[in-house]
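To keep things clear, I will list the structure first and then write my remarks on it.
The values are calculated or read from the model by the stated rules, or taken from the named source; none is laboratory data. From a predicted model like this one, the values you see are computed outputs, not experimental measurements. Positions of Cβ are backbone-derived with ideal geometry, glycine not excepted, and every protein chain shown enters the neighbour counts. Surface areas here come from the heavy atoms of the whole protein model, side chains and all, with no ligands, DNA or RNA. Shrake-Rupley method; radii C 1.70, N 1.55, O 1.52, S 1.80 Å.
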Amino acid sequence: MEFEGTVYKIMPVTKGTSARGEWQRQDVVFDYSEGGNFTRKICVTFFNRPDDVAKLREGATYQVSVNIESREYNGRWYTDIRAWRLQPKQTEVSAAAAMPDMPPIVEEPTYAAAPVAEVDDLPF
């Protein structure tokens, strides 16, 4: 699933060690609007992805790809939303600024050229 959200709050890092080794997780709360007047908060977990979280800035908008999974423990259900891809929102200005060294496209002028007379250079 993908959604476009604005970073509301970046939570502190949680670290630990398991049988598989060290791990780190960090929750980030996004504001998500479905086009209506009301926004919803979505808490997304970044598991062993410290580089992705380091790029985030509160108030910035991102396209977030997540996996949603629920599991049962002691008769209660828990839902986990884990991010697997994060892209900053592209605007027209930033897309144009991505190639600053590219010259603008200009149409070539058309000239009305005088017809050139054919020269017959073949022998008789």
| task | Can you give me the number of residues within region 17-37 that are on the phi > 0 side of the Ramachandran plot and part of a strand (DSSP E or B)? | result | 1
| request: Select from region 15-30 the residues that are at pLDDT below 95 and either within 18 Å of residue 89 (Cα to Cα) or among the β-branched types (Val, Ile, Thr) (or both) and list them in ascending order. | output: 17
| note | Selection over region 3-54 where residues are loosely packed, with under 10 Cβ neighbours inside 10 Å and in contact (Cβ under 8 Å) with a residue 12 or more places away in the chain yields a count of 1
| task | Output the number of residues of region 1-24 satisfying the condition of being of a type in the set (S, T, N, Q), out of contact with any helix residue (DSSP H, G or I) (no Cβ under 9 Å at 6 or more places or on another chain) and closer than 30 Å to residue 40 by Cα. | result | 2
| said: Take the conditions in a strand (DSSP E or B), over 20 Å from the mean Cα position of the chain (by Cα), hydrophobic (A, V, I, L, M, F, W, C) and modelled with pLDDT of 95 or more and apply them to residue 77. Does it pass? | reply: yes
| Any idea how many residues of region 55-82 are of a type outside the set (Ser, Thr, Tyr), over 15 Å from residue 5 (Cα atoms) and open to solvent by 50 Å² or more (accessible area, probe 1.4 Å)? | 9
| request: Tell me, yes or no, whether region 95-115 has at least one residue that is open to solvent by 100 Å² or more (accessible area, probe 1.4 Å), at pLDDT 70 or above, over 18 Å from residue 45 (Cβ atoms) and of a type outside the set (Ser, Thr, Tyr). | output: no
| said: If residue 39 satisfies all but one of (1) at pLDDT 90 or above; (2) under 26 Å from residue 90 (Cβ atoms), what's the number of the condition it fails? | reply: (1)
| request: Any chance you could count how many residues in region 25-72 are under 16 Å from residue 84 (Cβ atoms) and of a type outside the set (Phe, Trp, Tyr)? | output: 23
